[in-house]
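All remarks here apply to the structure that follows.
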Amino acid sequence: MKKVLLAFIACTLLLASCKKEDNSKTKDSDVNLGNDQIALQGEVFDFTSTGPTFCGTAAFDHYVHYRDVRRANTTQNVPTVNIMLSKLPANGQTETFTLDNGTWAYQNSQPQGRATMRVGNYYDEAAQQQQNWFSDSLSGTITVAVSATGSPTFNFTNVKLIHTFTDMDKRKTVSCKNVVCH
């Protein structure tokens, strides 16, 4: 009985000493975003006017929004944001898409009414490494409003993306406000 009690106390102390992750600094909903801006882990990025941009229908007939973003006052670490929709809403319509596994675009069929998101080439200062993040079915939703002329605008708050090589519980937050195709 004494050994069981000691083991229980040891486990309790071990669990109590575990450092709880502080997500308060990474809440994108606390960030004040302007139009055509995105927040990655609470840090605001502007979309670049140079670099690769693609907006339209790609292979397998899905809609792709692909653009680079940049940190203020630097040209280094230019992450790429890639949003894919199974279809673009009709002109004048707004639709909310549930995010799905970020690998479906490589298949010949896409889940209808779904979207995926990837953020590549993000340099995480704390981890001291380049990271790629991707959506899964627990990531959240993206709202897409299409103007009468067919121009889409993307909005989402606190989408949670998974880092390729980390624990599924450690998600990165991404938000955007009125992101349009240029």
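The values are calculated or read from the model by the stated rules, or taken from the named source; none is laboratory data. Here the structure is a predicted model, which is why all the values come from computation and not from measurement. Side chains included, ligands, DNA and RNA excluded: accessible areas come from the protein's heavy atoms. Shrake-Rupley method; radii C 1.70, N 1.55, O 1.52, S 1.80 Å.
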Rounded to the nearest 10 Å², the accessible area of residue 86 using a 1.4 Å probe with every protein chain kept is 10
For residue 158 and residue 73, compute 0.36 nm times the residue count separating them, minus their Cα-Cα distance, and round to one decimal in nm. 28.1 nm
